[in-house]
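Working notes, structure below.
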Amino acid sequence: MMKHALARYDDYKDSGVEWIGEVPEHWEIKRVKDELENLDYKRMPLSGEVRGQMTEPVFDYYGASGVIDKVESYIFDEPLILIGEDGANLLMRNSPLAFIARGKYWVNNHAHILGPKKGLLHFLCYLLEAFDYTILISGSAQPKLTAGNLNSVLLMIPPISEQKAIANYLDTKTVQIDRKIDLLTQKATQYGKLKQSLINETVTRGLDKTVSMKDSGVDWLGDVPEHWKVNRLKNLAYIKTGGKDTIDNVEEGAYPFFVRSQTIERINSYSFDGEAILTAGDGVGVGKVFHHVNCKFDYHQRVYKISNFRRVVGKFVFYYMRENFHKDALRLNAKSTVDSLRMPMFQNFTIAFGDIEEQQAIVDYLDTKTVHIDRIVETINTQIDKLKELRKTLINDVVTGKIKVV
């Protein structure tokens, strides 16, 4: 592996860009439009309906954050830099904003397309990815980086030989960091699967693996402990949807308000006080994301509340539903995905359960085990965040001349 010595340049000058500060004296300060050609006029959006009718889609179809589909034709046949034009990633930067598209591909109208006039493509991509575009972004509901604002961005341009050295150095270092991130991400995913498996196995089979089993009568559930009862949720709890369709003009207060997107706001009133399970009737993660609460709260009209538990422990039902409800919702749905939930899905959902003491023992066991797994995953995610920040800082320091690559 090629090693590089890190040092500082001999002389620096003011870059004219506040967040960058000083850059090496011999580097040039250029605008994007001086160094790169904007090819946005060549891009073309294709609707999902049009793409769905294609018979041989083999070419990458790029959007704001990368490849989003395959299509049967292409516009470009050369490596070019793409930069997201709109979307939350402009502010959140959860994925690369500037990246290189290669091969034969199509680009829609959500990504700017740039080709170098004389500089090194790879270096310029690293440089554009490092830039802070926050002050250039317009729009609140839908953040947008216009071509005009992008063209005005100031770039720090070293000689070609230094561009090559910087790009090669960052290629080596970022690959090493990305490999570590990938391994940690896989590890976190495996712990997530372990947690799901643990919950599902425990709430459907119990803690005692030696007990006799019987057929539950439910295809997706299979066998359950012989002494367990099987009943519908409507006979075990009260199911209701919320009454509010908006929280506009409501003063922020002390009580949680559960909304359709499954985020939690705070308001100054509540409609329920006690233990409940909450899940959104539509939106992201429909049928998979459940909240177990025991407090004063209010909830949106498209949020389902399950409460007033009879013969079952609320937390046991929560664990049971978070791993199994989506399976039943898929069975009752005409399509391969669940878009929304209906009251009968909840009312007729089947639950197998032992007595209260056994349910509570299962809850206590899962609380302990899942907290332990969650802590491990949290530690892994912290390591991933640190590596991502290291990657970002390294790129920024090298492409702006804070570190000299020899």
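The values are calculated or read from the model by the stated rules, or taken from the named source; none is laboratory data. Worth saying up front: this structure is predicted, and the values here are computed from it rather than measured. Cβ coordinates were reconstructed from backbone atoms using ideal geometry, including for glycine residues, and neighbour counts include every protein chain displayed. In case anyone asks, the SASA skips ligands and DNA or RNA and just uses the protein heavy atoms, side chains included. Shrake-Rupley method; radii C 1.70, N 1.55, O 1.52, S 1.80 Å.
I'd like to check one number: the per residue accessible area of the stretch 184-320, probe 1.4 Å, reported in Å² as a whole number.
Value for the stretch 184-320: 52 Å² per residue.
Take the alpha carbon gyration tensor of the chain, find the square roots of its eigenvalues, order them as a ≥ b ≥ c, and report rounded if a/c is under 1.5; if not, report prolate when a/b exceeds b/c, else oblate.
It is prolate, given that a/c is not under 1.5 and a/b is the larger ratio.
Which angle between 0 and 90 degrees, to the nearest 10, do you get for helix 314-332 versus the longest principal axis of the chain when only C-alpha atoms count?
Helix 314-332 sits at roughly 80 degrees to that axis.
Using Cα positions and a limit of under 18 Å, work out the aspartates and glutamates in reach of Lys214, with same-chain residues fewer than 8 apart set aside.
Glu201, Asp223, Glu226, Asp355, Glu358
Can you tell me the dipole magnitude for the stretch 1-112 around its Cα centre, using point charges on the Cβ only (Lys, Arg +1; Asp, Glu -1), in Debye to the nearest 20?
Once rounded to the nearest 20, the dipole reads 320 debye.
Tell me the net charge near Asp69. Cut-off is 15 Å between Cβ atoms, Asp69 excluded, with +1 for each Lys or Arg and -1 for each Asp or Glu.
Neighbour charge sum, excluding Asp69 itself: 0.
Using the Cα gyration tensor of the stretch 122-270, with a ≥ b ≥ c the square roots of its eigenvalues, what is the shape: rounded (a/c below 1.5), prolate (a/b larger than b/c) or oblate (neither)?
Oblate is the answer for the stretch 122-270, as a/c is 1.5 or above yet b/c matches or exceeds a/b.
Of all accessible surface on the chain at a 1.4 Å probe, what whole percent is carbon and sulfur?
Of the solvent-accessible surface of the chain, carbon and sulfur hold 49 percent.
In whole percent, what relative contact order does the stretch 1-115 give with Cα contacts below 8 Å and a gap of six or more residues?
27
Could you please state, rounded to a whole Å, how far the C-alpha centre of the stretch 362-406 is from the C-alpha centre of the stretch 56-78?
Taking the Cα centre of the stretch 56-78 as reference, the centre of the stretch 362-406 is 32 Å away.
Could you name the aspartates and glutamates in cross-link range of Lys296, using Cα to Cα under 19 Å and dropping any fewer than eight places away on the same chain?
List returned: Asp245, Glu251, Glu252, Glu265, Asp273, Glu275.
Taking a ≥ b ≥ c as the square roots of the Cα gyration tensor eigenvalues, with a/c under 1.5 meaning rounded and otherwise prolate when a/b beats b/c, else oblate, which class fits the stretch 70-199?
prolate
So how strong a dipole does the chain carry about its Cα centre when Lys and Arg Cβ are +1 and Asp and Glu Cβ are -1, to the nearest 20 debye?
Approximately 720 debye in magnitude.
Sorted by accessible area (1.4 Å probe), largest first, how do Cys295, Cys125 line up?
The ranking, largest first, comes out as Cys295, Cys125.
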